[in-house]
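Each remark here refers to the structure printed beneath this line.
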Amino acid sequence: RVLFRSTVLVDQGKPLAVIVLATSASEQAREAASLLQEYLFRISGARLDILEETAAITGTQILVGRSRRAAELGTDILPRLTKAMNEEEYILRTVDNTLILAGNEHPFYRGTVYAVNDLLERLGCRWFFPGAYGEVIPKSKTITVAALDVHEQPDFRFRNIWYSGWMPATAQDVRDFATWMDRNRMNTLRGLSLPGDGSITRLAPPDTYYASHPHIYAIDKKGERSKEMLCLTEPDAVKIAAETIKEEFRSHPEIITFGFAPPDGHPQCFCPRCEAANPNFSGKGLGEPSLSDVWFRFANAVATEVYKDFPDRWLLTNGYANRVRPPQGIGPLSPNLGIQSALLDCCTFHPIDDAKCWQRQLHKDVLDRWTSELRCVFIYDYDPGKSIDGMPFPMLHNLQKDFRYFKDRGVWGFWTEGQNCWMVTHLNYYVRSKLMWHALADVNALVRDYCEMFYGAAARPVEEYIWTQERAVGESTIHETFGRLTPWRTIYTPTVMARSEERRVGKECRSR
């Protein structure tokens, strides 16, 4: 009979449990065990031993990762990855005098590490910002784990933020950020082939094809062939691209995606055939003129050909710049085609479908169409997509509303272009990490927890400061996008400042 009960791991600085690994434990399980040992020591001063399950063990055990003992207790999570990419999971379970921490340990996933991180959060650990500055570790000579029967899976498959380099970041900054993402259960898309700018050259590498097949490459405005772009209406370009991808899948059966995209900017082929095929549709704000019909006719033709031999793989491209809008007249899209939707020119002051923001209404229309036509849709966005010069830029309730909509539309996740400017983004990345896992997470509770754990006695005024800033941004009629700066006085107007001062003075009077 399975009994769930609280488990004492450390009592008054004395270890009462051991950490147990399978003899053939994975590298991830061993890493997770060491991580648990380290943080339990930092909390309590007690260092728990790490033993293999073949050792003679009595008393309380913490089983980390897959093991014979965990399987006997009904827990065995296989390392696996399929085209669906929705196998990420972990469990925390107390059974009799045993605590089980285990998850999917396929190289694409960090399930067992995330099980340990989850437990540490339940014990009071936090990682608000990268490095020691943003880490909160409680101190307690006794550590008790409440009865647990937890099975976790994320709402979004892809959960990534990356430093794009607009702000300087040292090698140590990058390492600290990677650790922070791991602690907060992000998934950095390791092992996926993604549609990076200019990756179209992978379809027909110029060193291989340019001399013998110059006609498959685009003609630029000067009338010259460009090795950086393909002619999108050339049948041979489709044939060569499809065969390149098929050969990649044949040579590397473990690969489940192939990403390709044109160069950054507004690339296109100016040959007469491509010019005639381009409707040159323009609409306010997004990708003018639109290349979507020409680009996605090409991408769809390649995907359709690859699907014949590899229906269990994804071809990923991007809807960016002059390809933001879904195509209008090319018919159904191949079921193996996925899209990274990137709206560069989109307001970041307001939530999606905001009645006073035409840009976010248009954003919703675009995503509604993509998610209706394709199964695999993930988002490339920008944070700080807009920063208020000299001030932090909170957009936390906007994120809450957006992520709930994204979940409802079946979005697969996020590849967020971030920056090493945490005092501007402040809590945006932390709240993003929580909403990427649970789209219905309570943002108010997250901020209250942050203020209390990070600022202590100053929690209340800091929390009020955060919400005052956010309200000022949300109430603004200004619409700004990535890469632009708004002077802070246009947001924190004299009216906003006076309102804040009134609240501050009122509180002081009440406290007296």
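The values are calculated or read from the model by the stated rules, or taken from the named source; none is laboratory data. Note that the structure is predicted; figures quoted are calculated from it, not measured. Neighbour counts run over all protein chains shown; Cβ positions are idealised from the backbone, glycine included. Surface accessibility is based on the protein's heavy atoms, side chains included, excluding ligands, DNA and RNA. Shrake-Rupley method; radii C 1.70, N 1.55, O 1.52, S 1.80 Å.
Sorting the segments 202-208, 131-137, 432-438 by their mean number of nearby beta carbons within 10 angstrom, highest to lowest, gives 432-438, 202-208, 131-137. Here the ratio of the Cα radius of gyration of the chain to 2.2 N^0.38 Å is 1.10.
Coupling constants for the range 233-243 follow from the phi torsions by the Karplus curve (6.51 cos²θ - 1.76 cosθ + 1.60, θ = phi - 60°), and in residue order they are 10, 8, x, 5, 5, 5, 4, 5, 4, 5, 5 Hz; glycine and proline get x. Cross-link reach is defined here as a Cα-Cα straight distance under 30 Å, omitting same-chain residues fewer than 8 places apart; for Lys14 the lysines meeting it are Lys139, Lys141. Taking amide H as placed 1.01 Å from N in the peptide plane, the amide H of Gly319 sits under 5 Å from that of Gln340, Ser341, Ala342, each at least 5 places away or on another chain.
With contacts taken as Cα pairs under 8 Å at a separation of at least 6 residues, the chain carries a relative contact order of 12 percent. Checking the table Lys221/Lys356; Lys83/Lys434; Lys308/Lys407; Lys221/Lys308 against a 29 Å threshold on Cα-Cα, which pairs fail? In this structure, Lys221/Lys356; Lys308/Lys407; Lys221/Lys308 exceed 29 Å between Cα atoms.
Dividing the summed -39500 (n - 2.57) terms of all DSSP H runs of n ≥ 4 by the residue count of the chain sets its mean residue ellipticity at 222 nm at -11000 deg cm²/dmol. Near Val10, once Lys and Arg are set to +1 and Asp and Glu to -1 for all other residues with Cβ below 13 Å from its Cβ, the sum equals +3. Against the main long axis of the alpha-carbon atoms of the chain, helix 443-455 sits at an angle near 60°. Ligands, DNA and RNA are left out, and with a 1.4 angstrom probe the accessible area of the range 318-466 is 33 Å² per residue.
Scalar couplings 3J(HN,Hα) for the range 425-442, obtained by applying the Karplus form with A = 6.51, B = -1.76, C = 1.60 to θ = phi - 60°, are 6, 6, 8, 4, 5, 4, 5, 4, 4, 6, 6, 5, 7, 10, 4, 9, 4, 7 Hz; x denotes Gly and Pro. Amide H to amide H distances under 5 Å link Leu230 with Ala218, where only residues 5 or more positions off or on other chains count and H is placed in the peptide plane.
The residues of the range 89-210 expose on average 38 square angstrom of accessible surface per residue, using a 1.4 Å probe on protein heavy atoms.
For the range 263-275, backbone phi angles converted through the Karplus equation (6.51, -1.76, 1.60; θ = phi - 60°) give residue-by-residue couplings of x, 4, x, 10, x, 6, 9, 9, 5, x, 5, 5, 4 Hz, Gly and Pro being listed as x. Rg over Rh for the range 363-438 works out to 1.00, both radii taken from alpha-carbon positions and Rh defined as the Kirkwood radius. In terms of the mean number of neighbouring beta-carbon atoms within 10 Å, the peptides 262-270, 459-467 order highest first as 262-270, 459-467. To put it simply, the accessible area of the chain at a 1.4 Å probe is 53 percent carbon and sulfur. Rounded to the nearest 10 degrees, the angle from helix 459-475 to the longest Cα principal axis of the chain is 20 degrees.
In this structure the amide hydrogen of Val10, modeled in the peptide plane, comes within under 5 Å of the amide hydrogens of Leu16, Ile143, none closer than 5 places in sequence on its chain.
Over all projection directions, the Cα-based convex hull of the range 72-128 averages an area of 5.0 nm².
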